[in-house]
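A short worksheet on the structure shown next.
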Amino acid sequence: RARLIDLIGQDGYYVKVTTFHSFCNDIIVENPERFSHPAGMAAATDLEKIEIITRILEDGTFLLLKPLNNPTLYLRDIISSLSDLKREGITVNKFAQLVRSLGQDFEAEKDSLGKTAFAEKEKLVSKNVDLLAIYKKYQAELIRLGRFDYEDMINWVVEAFESDPEFLLAYQEKFQYFLVDEYQDTNSAQNRLIFALASFWGEK
């Protein structure tokens, strides 16, 4: 806000300045009947994420993401991959569709693949099947514990906007201009949020 005031003067005090996450959190708080997640949910800490994924790995059987000699070898990679999926707006259901398509493609082309290509594609499919199973368990465990990822907030609001034009319109009418700082660093979920809000004005 201080930078904005330097640019436009005292009017900067009246501009809504927010992060993507706090903007979405405000919308969720303002509409408790629409976002029917358990009251008192809190953002999961990094330690809690590690504990959840560790339990999932220890309790489950995963062909390629749980080496016998070191079950948590890929722990950090799994957490990073789940975060990437959420930042790109890929929910469990969407990821399930992608994994299904990947498997179908492999089945269709496996007879024409060389030995090395066959092994690599089979490994890729297996890893994503494992990751999907972990993703499902992770989301279920977050809900059970009353936790969420920061990325979840953005995806909840984007899904609400994209599925209900009237709800979206109520927020579109509140804003005429958008300035996204460091726009080159935005991800797909954040872009979908901005595009939904800005679509009210079309080419203008």
Being on the phi < 0 side of the Ramachandran plot and among the charged types (D, E, K, R) is the filter here; which residues of the stretch 177-200 pass it?
Asp181, Asp185, Arg192
Index of the failed condition, Thr72 passing every other in (1) without any contact (Cβ under 8 Å) to a residue 40 or more places away in the chain; (2) among the polar types (S, T, N, Q); (3) not in a loop (DSSP other than H, G, I, E, B):
(3)
Here's a check for you: in the stretch 119-139, which residue that is over 19 Å from the mean Cα position of the chain (by Cα) and not basic (Lys, Arg) is most open to solvent (accessible area, probe 1.4 Å)?
Glu120
Within the stretch 84-106, does at least one residue satisfy the condition of being open to solvent by 60 Å² or more (accessible area, probe 1.4 Å), among the β-branched types (Val, Ile, Thr) and out of contact with any Cys (no Cβ under 7 Å at 6 or more places or on another chain)?
no
Pair list, Cβ < 9 Å and 6+ apart or interchain, from the stretch 42-61 residues that are farther than 16 Å from Gly146 by Cβ to residues that are aromatic (Phe, Trp, Tyr) and open to solvent by 40 Å² or more (accessible area, probe 1.4 Å):
Leu57/Tyr74
By my count, helices (runs of 4 or more DSSP H) wholly in the stretch 96-204 with at least 1 residues that are of a type in the set (A, V, I, L, M, F, W, C) and closer than 28 Å to Asp46 by Cα are 115-145, 150-163, 188-198
Could you list, ordered by first residue, the pairs with Cβ atoms under 6 Å in which the first is in the stretch 1-12 and over 15 Å from Asp181 (Cα atoms) and open to solvent by less than 100 Å² (accessible area, probe 1.4 Å) and the second is modelled with pLDDT of 95 or more and hydroxyl-bearing (Ser, Thr, Tyr), at least 6 apart or interchain?
none
In this structure, does Ala160 turn out to be of a type in the set (Gly, Ala, Ser) and open to solvent by less than 50 Å² (accessible area, probe 1.4 Å)?
yes
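Could you list all residues from the stretch 130-172 that are of a type in the set (Gly, Ala, Ser) and more than 18 Å from Gln97 (Cα to Cα)?
Hits for the stretch 130-172 are Ala140, Gly146, Ala160, Ser163, Ala170.
The values are calculated or read from the model by the stated rules, or taken from the named source; none is laboratory data. Just so it is clear, the structure is predicted and the values come from calculations on it, not from any experiment. Heads up, the Cβs are rebuilt from the backbone with ideal geometry, glycines too, and the neighbour counts pull from every protein chain shown. SASA here: full protein model, heavy atoms, side chains in, ligands and nucleic acids out. Shrake-Rupley method; radii C 1.70, N 1.55, O 1.52, S 1.80 Å.
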